[in-house]
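The values are calculated or read from the model by the stated rules, or taken from the named source; none is laboratory data. These figures come from a predicted structure and were not determined experimentally. Don't worry about glycine lacking a Cβ; one is built from the backbone with ideal geometry, like all the others, and counts go over all protein chains shown.
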Amino acid sequence: MEHSNNRRNFMATSIQSVGLAALGGMLWSGYADSVKASPLVLRPPGALAEKDFLAACIKCGLCAEACVNRDTNVDKETGLQRPGTLQMAKGGDTLLIGTPFFVPTEIPCYMCEEIPCVPVCPSGALDMPSLLNEKQELDINKSSMGLAIVHKESCIAFWGIQCDACYRACPLLDVAITLEYQKNDRTGKHAFLLPVVQDSACTGCGLCEKACVTEEPAIFVLPNVVAKGKAGDHYVRGWDEKDQERVKNAISKETRTELSKKTANDYLNMEVEY
Ligand code: SF4
Ligand code: SF4
């Protein structure tokens, strides 16, 4: 039975992690430090920032179990449960053993409306309040598992070939990915129809990555910490009142670097001896 196999795998994983922990704090923390170095992991909806997530997650596997057992995860033809989106890291993975993750090219997150993986988390590693909307209801659209990035060189829409596979696969149709018309100057008579990811709406579910038609996906999800830059607090949007408010108590600091008193050497005009 698939399900009992999953359970067995999960038990084996738990025993592995208990066994490893018993090897001694130093060995475990050395191991934990080395695997923590992998920033390319996608965590379940509502996961805390990676460092806090790793500290909070007790590696119980309840999220992965809820994911595999969700009502919509039954094969219509066989009536059997299909593999879940969430996997638990095993020995040999470059992730902390026993922590949940997903790989969109294998199985993306299906953005279940009731988000069964989150309320079962007993540790707070999956943070329910972060997924509540204005009506205080769980809302999967509030999740931010990562950000989809389009690689323009390999996306065939940027070559002028008509393709909207990612746009159509997105559960937030025309919101998280929009299509932008652009004149094709090369032919002079056609238009490009370009997928554009909207940062504020993309949840990082990976359905677009799974649907992409290119040999290696031209659109792929990266964890926020890798995909997003940070302008820093000293840059302010002058046209945005809220942004102005953010820095209203800011104190300016001036840094002076003393100029060198040494005379400069003019190497270009110096006689060089060979
Ligand atoms: S929301 Fe995503 S990760 Fe959670 S149970 Fe559904 S498919 Fe699995
Ligand atoms: S349910 Fe929570 S504590 Fe348990 S493995 Fe999943 S994230 Fe970690």
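Tabulated results
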read-out: Residues (in contact with a helix residue (DSSP H, G or I) (Cβ under 7 Å, 6 or more places away or on another chain) and more than 10 Å from residue 150 (Cα to Cα)) located in the range 195-207; value: 203, 207
read-out: Only one of 240, 199, 266, 185 that is out of contact with any Asp or Glu (no Cβ under 9 Å at 6 or more places or on another chain) and under 29 Å from residue 52 (Cα atoms); value: 199
read-out: Check on residue 248, free of Cβ contacts under 8 Å to residues at least 60 places away in the same chain and not in a loop (DSSP other than H, G, I, E, B); value: no
read-out: Matching residues in the range 61-75 - criterion: being within 9 Å of ligand 1 (Cβ to nearest atom) and exposed (fewer than 13 other Cβ atoms within 10 Å of the Cβ); value: 72
read-out: Qualifying residue in the range 76-88 (condition: within 13 Å of ligand 1 (Cβ to nearest atom), at pLDDT below 95 and outside any loop (DSSP other than H, G, I, E, B)); value: yes
read-out: Some residue of the range 120-129 being closer than 28 Å to residue 216 by Cβ and either in contact (Cβ under 8 Å) with a residue 40 or more places away in the chain or in contact with a Pro (Cβ under 8 Å, 6 or more places away or on another chain) (or both); value: no
read-out: Subset of the range 46-60 [under 14 Å from residue 118 (Cβ atoms) and either touching a strand residue (DSSP E or B) at 6+ places or on another chain (Cβ under 7 Å) or loosely packed, with under 13 Cβ neighbours inside 10 Å (or both)]; value: 46, 47, 53
read-out: Selected residue (criterion: nearest to the chain's Cα centre (by Cα)) from residues of the range 162-209 that are small (Gly, Ala, Ser) and in a loop (DSSP other than H, G, I, E, B); value: 204
read-out: The range 211-231: number of residues that are touching a residue at least 40 places away in the same chain (Cβ under 8 Å) and over 17 Å from residue 157 (Cβ atoms); value: 8
read-out: Number of the condition not met by residue 150 [criteria: (1) touching a strand residue (DSSP E or B) at 6+ places or on another chain (Cβ under 8 Å); (2) within 16 Å of ligand 2 (Cβ to nearest atom); (3) in contact (Cβ under 8 Å) with a residue 60 or more places away in the chain; (4) within 20 Å of residue 200 (Cβ to Cβ)]; value: (2)
read-out: When residues of the range 105-128 are limited to those that are of a type in the set (A, V, I, L, M, F, W, C) and more than 10 Å from ligand 2 (Cβ to nearest atom), the one nearest to residue 48 (Cα to Cα); value: 128
read-out: Restricting the range 90-104 to residues that are part of a loop (DSSP other than H, G, I, E, B) and modelled with pLDDT of 95 or more, the residue that is nearest to ligand 2 (Cβ to nearest atom); value: 99
read-out: From the options 150, 120, 221, residue that is closer than 30 Å to residue 69 by Cβ, under 20 Å from the mean Cα position of the chain (by Cα) and aliphatic (A, V, I, L, M); value: 221
read-out: Filter pass, residue 85 being within 15 Å of the chain's Cα centre (by Cα), under 30 Å from residue 196 (Cβ atoms) and within 13 Å of ligand 2 (Cβ to nearest atom); value: yes
read-out: Scan of the range 90-125 for residues that are near ligand 1 (Cβ under 9 Å from one of its atoms) and surrounded by 15 or more Cβ atoms within 10 Å (Cβ to Cβ), ordered by number; value: 100, 102, 107, 108, 109, 110, 111, 112, 115, 116, 117, 118
read-out: Residue satisfying condition, being under 20 Å from the mean Cα position of the chain (by Cα) and at pLDDT 95 or above, within set 60, 112; value: 112
read-out: Qualifying residues in the range 38-60 (those that are in a loop (DSSP other than H, G, I, E, B) and away from ligand 1 (no atom under 16 Å from the Cβ)) - the one nearest to residue 220 (Cα to Cα); value: 40
